[in-house]
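Chemist: Okay, handing you the structure first.
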Amino acid sequence: MLTPQPGDNGVTQQDLEWARGAERGIFFALLLASALGWGAYALLTAKSFYPLLVMRALIVGACLVVVTAFVLAIPAEGILYLVSARYRLARGYRHIPEIVKPTALWKYLGAWFAMLLVSVVNGVVRDFTYGRHMDELSAHQLSTAASVLLLGLLIRGYTRLYPPVSAREAVFIGLLWLALTVAFEFIFFHYAGGHSWSALLDNYNIMKGRVWPVVLVWIAIAPYVFFRVERAR
């Protein structure tokens, strides 16, 4: 949907600038809140402050902060749309944006749970088959390659069944799945699985051959990639 231009339906240049300023303000406010929230959580849960551990935590934390802000910004703009007539006028929305409808969010969450199930099955297959016949690192790398393939097929099927209506929605879906995956990994495996924070962070060390971040990057960009593939046809 095209953004109105000055003069369209009474829209002024000041209205457009106000809408853009409101969007930027929402994003930076969420960025600051996300940084404070994740930072406070890290300080409250950290048991040691080794330089290497702190460096890894900062890298992962920076990614979490940015992803969290991006994921929350779009629903926040949807709320702004609901409460501000000026914003609706400036942005030209004729209905509630699809990406903030409860039905759309349930579709995204349902797809993520399906991805979680596929990942669990992939891990079980690794542990009870080829993982017994090779070293742990090689099994990890092979399992990661299988995850990229299987999740790619699943995400491709999702985008064909529920195609994103815009590039922005595709980016939002990928970032939402990324945030859910990282949050689940750290919260579940630390509190339920008993793994230390350092052990979880070590899984992000590509220099040691840990290629788990490849899966995260793929989850984040796959909806946008498949959106572009469909548009190019």
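Chemist: Within segment 84-118, work out how many residues are more than 18 Å from Arg160 (Cβ to Cβ), modelled with pLDDT of 70 or more, of a type in the set (A, V, I, L, M) and open to solvent by 30 Å² or more (accessible area, probe 1.4 Å).
Modeler: 6
Chemist: Something else: Given (1) farther than 22 Å from Val120 by Cα; (2) open to solvent by 30 Å² or more (accessible area, probe 1.4 Å); (3) outside any helix (DSSP H, G or I), where does Met207 come up short, assuming only one miss?
Modeler: Here Met207 clears every test but (3).
Chemist: Sticking with this one: Just to check your reading of the model, which residue among Thr159, Thr181 is within 15 Å of the chain's Cα centre (by Cα) and surrounded by 13 or more Cβ atoms within 10 Å (Cβ to Cβ)? Reasoning before the result, please.
Modeler: Working: Thr159 fails: within 15 Å of the chain's Cα centre (by Cα).
Going through Thr159, Thr181 in turn, just one is within 15 Å of the chain's Cα centre (by Cα) and surrounded by 13 or more Cβ atoms within 10 Å (Cβ to Cβ): Thr181.
Chemist: Taking segment 14-32 on its own, how many of its residues are at pLDDT below 80, farther than 19 Å from Arg168 by Cβ and touching a helix residue (DSSP H, G or I) at 6+ places or on another chain (Cβ under 8 Å)?
Modeler: 1
Chemist: Okay, moving on. Do you know which of the residues in segment 162-177 that are in contact with a Phe, Trp or Tyr (Cβ under 9 Å, 6 or more places away or on another chain) and either among the hydrophobic types (A, V, I, L, M, F, W, C) or at positive phi (or both) is surrounded by the most Cβ atoms within 10 Å (Cβ to Cβ)?
Modeler: Applying the filter and picking the extreme gives Ile173.
Chemist: Mind checking which residues of segment 104-145 are among the polar types (S, T, N, Q), under 22 Å from Pro213 (Cβ atoms) and out of contact with any helix residue (DSSP H, G or I) (no Cβ under 7 Å at 6 or more places or on another chain)?
Modeler: First, pick out the residues of segment 104-145 that are among the polar types (S, T, N, Q): 119, 122, 129, 138, 141, 143-144.
Now restrict to residues that are under 22 Å from Pro213 (Cβ atoms): 119, 122, 138, 141, 143-144.
Ser138, Gln141 - these are the residues of segment 104-145 that are among the polar types (S, T, N, Q), under 22 Å from Pro213 (Cβ atoms) and out of contact with any helix residue (DSSP H, G or I) (no Cβ under 7 Å at 6 or more places or on another chain).
Chemist: Evaluate segment 148-168: report whether one residue or more is over 19 Å from Phe227 (Cβ atoms) and either part of a helix (DSSP H, G or I) or aromatic (Phe, Trp, Tyr) (or both).
Modeler: Of segment 148-168, the ones over 19 Å from Phe227 (Cβ atoms) are 149-150.
Imposing the further condition that a residue be either part of a helix (DSSP H, G or I) or aromatic (Phe, Trp, Tyr) (or both) reduces the set to 149-150.
Yes.
Chemist: Can you run down the residue pairs with Cβ atoms below 8 Å, 6 or more apart or on separate chains, where the first is in segment 102-128 and basic (Lys, Arg) and the partner is surrounded by 13 or more Cβ atoms within 10 Å (Cβ to Cβ)?
Modeler: Lys107/Tyr162; Arg126/Ala139; Arg126/Leu142; Arg126/Ser143; Arg126/Ala146
The values are calculated or read from the model by the stated rules, or taken from the named source; none is laboratory data. The structure presented is a predicted model; accordingly, all values stated were derived computationally and were not measured. Methodologically, a virtual Cβ is constructed for each residue, glycine included, from the backbone with ideal geometry; neighbour enumeration extends over all protein chains shown. Only protein heavy atoms, including side chains, enter the accessible area calculation; ligands, DNA and RNA are left aside. Shrake-Rupley method; radii C 1.70, N 1.55, O 1.52, S 1.80 Å.
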